[in-house]
1. With r defined as the distance between the Cβ atoms of residue A:18 and residue A:335 and R0 fixed at 30 Å, what FRET efficiency is calculated, to the nearest 0.05?
2. For chain B, take the longest principal axis of its alpha carbons; what is the angle in degrees between that and the long axis of helix B:143-153, to the nearest 10 within 0 to 90?
3. Eigenvalues of the Cα gyration tensor times 5, then square-rooted: what semi-axes does that give for the stretch B:190-269, in whole angstrom, largest first?
4. Among B:128, B:333, A:252, which comes first, then next, by fewest other beta-carbon atoms within 10 Å?
5. Quick check: net charge around residue B:143, other residues with Cβ under 10 Å of its Cβ, Lys/Arg +1 and Asp/Glu -1?
6. What helices in chain A pass both tests, a Cα length along the helix axis of 24 Å or more and a mean Kyte hydropathy of 1.0 or higher, using whole DSSP H runs?
7. Treat every Asp and Glu Cβ in the stretch A:121-344 as -1 and every Lys and Arg Cβ as +1, leave all other atoms uncharged, and give the resulting dipole magnitude about the Cα centre to the nearest 20 debye.
8. As a test of the formula, what do you get for chain A when each DSSP H run with n ≥ 4 contributes -39,500 (n - 2.57) and the sum is divided by the residue count, at 222 nm and rounded to the nearest 500 deg cm²/dmol?
Amino acid sequence: MIRFLLSRLLTLLVTAFALTFIVFFLTNLEPSLEKIAKSEIGTRVSDAEVESWLDRNGYGEPMLVRYGEWLGVVPGWTHTVDGEVVAGRCELPGGTVETSAFCGILQGDWGWSTVFRRDVAEIIGRSLALTGKLMFWVMMVMVPGALILGVLAGMREGSKLDRSLSTVSILTTATPEYVSGVVFIAVFASTAVGLRWFNGSATSAMEDATFENFTLPVLTIALYGMGYIARMTRASMTEVMTAQYIRTARLKGVSFPKIVLRHALRNALIAPFTVIMLQFPWLLNGVVIVETLFNYKGFGWTLVQAAGNNDIELLLGVSVVSVVVVLLTQLISDIGYVYLNPRIRVS
Amino acid sequence: MTIHDPRRAGLHPAAEMYAAEHRAGRLSRREFLTRATALGVGSSAAFGLIGLPAPARAENHMPMGGTLRMEMETKALKDPRLADWSQIANFYRGWLDYLVQYEADGSITPMLLESWEANEDATQFTLKVRQGVTWNNGDPFTAADVVRNITRWCDGTVEGNSMAGRMSQLVDAETNMAREGAVEELDEMTVRLNLAAPDITVIVSMADYPAAIVHSSYESGDPSENPIGTGPYLPEVNEVGVRQVLVRNPDHQWWGTEVFGGPYLDRIEYIDYGTDPAAKLAAAESGEIDITYQTTGDFIDIFDAIGWQKSEVVTAATLAVRFNQDSAPYDNKDVRNALQMAVDNAIVLELGYNGRGTVAENHHVCPIHPEYAQIDPPVHDPAAAKALLDEAGFGNETFQLISIDDAWQAASCDAVAAQLRDAGIQVERQVLPGSTFWNDWLEYPFSATEWNMRPLGVQILGLAYKSGVPWNETAYSSEEFDTLLAEAMSLADVEARREVMAKMEKLLQDDGVLIQPYWRSLYRHYTDKVQGAEMHPTFEHHHYKWAIAS
């Protein structure tokens, strides 16, 4: 077990390392750096001015050295004028700059966001909290909904109920968020149709989430994942329902509801558990679309802003967090699977 | 608001002349007001000169208190003189005041200045500082503050300081700083500006959005970090891209309360919905905002349909579909002329902006500018355009037209591109998101830029088409044009200036500097509760006039 955990942890570190290096490489190509310089000092500046700005602000060193600085294995850059340190990576609150100090991600310093003019850690904290709130409600809607749909459809394979529920779940999972979101806004939120049950913008939900302003974004993400999980649950349920012990129970004269609830359900839920955990990475995907669509300033929206403005350190921070979220949920799913299904053993 | 008696001796002689011109029908009311007030005539006095009563403001019935929520892109703050977006200024306007203010009717209201006077040939301006103004940290506001701010504006050595171009007659060409003796402090409440050459735009320029007045403790950077100013509000939240909040400063007695009344609101929230108008509509229908920053294109009708109030203002704001003459093939004059000739501006107005404006003539001087001269409109001849292009050897060139993803700007560029294609010219369109478009707006070879209006025609030409100025996105560099512009800047008499302007307009057309299809009317929508927040032609937010009924 310990070996398994260690190897998973190693995978996580290596993946994060590789991904951040790729992101770092792409965001530090010459045109990208020029873009940063121009957005900082104004658009109409000469190449020489761009060069000098990049030098003064620590972008002049070789890429590997700067990646090391971000990691915290190379001392942070400093800029000196007449022997006096005027700027540097490791700036303490109050403006003084530490020389030959390490301040990278290993030291817990996530860097500075050039778009939002805040510490990256603060921005990520803020956006993760908002996305966490969204995800919580998505899970609250999606998981029970999907399980009920799947179990109802799977308990009598081929019945009318099964066919109609399967159609619904295939339909929702085949409709991407950028389609369903727009349709929902048009139908339920705009004066065009006139229902106006919910809000078409979730900006106010950042501070105060209500049924009105949070339903559409939650539903948009939840429905997409719900269909998929429901299909998995149904498959697992139908398989269990044909198992010999179920037939035995039937022949014994146990009532149908009792068979489903007491004998089938527990065994049928093992597969969906993994699927639900594996949905997390996909949910991150949906979050990018839905948060932009509903103008909800969480993790996905932050990613879009960071990428659009070549905000290097924010993008790196977002990458690290994404890797951790994805690999951690998979780890949990693997471990959880072991506990649910004693036949499987880790390592 | 009356600060000058119209019957008082010493009223600027040019003001009388302008009044005569107005009566003769050569000057519209708006033009008259802009120019008379720029010479130091109070707006009531100016109305008096042309025999009209000054419009009274209904300030007694304004509801006090409340929160107004407006949709606006919340941008990172900069040193005010470096500000390149009205939105940046509209946030720091909460706690930073201006010397003078441009009103929606074209007049100029004295703010931190009580009055000003120009000498006969407009080379010397005497500025009287308003009495009894204090900074919100308790310091008194004096002539020294005015001198320091004007000197700051004149510092052309600071990268991106656009105020230096506006104050060019006070700047020493050699040091690129304020000229010795250009800004004089006569006494504690009086400042005199000694211009190198007559310049009629100097006072109007002080109303432009980068000209906010900062405290002596302010060096550079984000002004909200230590918000010392003379204004009635304070910044509470400043989250770039999310929201910005102004709250009334309870510990500061604002000077303007006695002069104008207001401020009425307790709290002003700017919420960022990006550039997509659909998101703003969703916000409006969800009750998340009370007022839009600006309503554009098809959304004007849609906002009307959901029952919001519409506020419209006629402006000299425009879209400049310009060529950058530093990039091939646009360094070739025939190419530029051919592309211009292939486009009918009226069609661009119709398709790109639903006809909500007036057709322009490719020279960026608007009929509402005082010195506008009627010259021949540009020729539209697609066949000749293609022939000219073939002759220049670029018949098979594929041109790429870049625009921002904003709805009406993209639509207008699509209309331009469609007409070019109709003429047999190959065009590709590229639409960039707002977050990336502005990184290189000056450098694109062929792209469209939104330009806000300036009160005088010479101002916009000085800002955008003079050789080497920071915002010269066309890379236009013509000695003849520069000489004419300098001449026009010195002519207080509008008829004389119009003659020079006619030459400049012709020059801009002939040199194929830009396709400038139309002048836009600007719109804004708000709920029934909002009062005093009408659309302003230069997007200025005069927070103290705003109110909301509970």
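Quick note: the coordinates plus some simple rules give every number you see, no bench work behind them. None of these values were measured; they are calculated from a predicted model. FYI the Cβ positions are ideal-geometry reconstructions off the backbone, even for glycines, and counts take in every protein chain you see.
1. Details: r = 24 Å, r/R0 = 0.80.
So the FRET efficiency works out to roughly 0.80.
2. Between helix and principal axis, roughly 20 degrees.
3. Details: eigenvalues 159, 64, 34 Å².
Whole-Å semi-axes of the equivalent ellipsoid: 28, 18, 13.
4. If I rank by nearby Cβ atoms, fewest first, I get A:252, B:333, B:128.
5. Details: positive: B:128, B:148, B:192; negative: B:145, B:184, B:185, B:187, B:188.
Net local charge, residue B:143 excluded: -2.
6. Details: long enough: A:2-27 (37 Å, 2.03); A:120-155 (49 Å, 1.64); A:211-241 (41 Å, 0.62); A:270-293 (34 Å, 1.60); A:312-340 (42 Å, 1.96).
Qualifying helices: A:2-27, A:120-155, A:270-293, A:312-340.
7. On the way: 16 positive and 12 negative charges, 296 e Å.
The calculated dipole for the stretch A:121-344 is roughly 1420 debye.
8. Calculated mean residue ellipticity at 222 nm is -21500 deg cm²/dmol.
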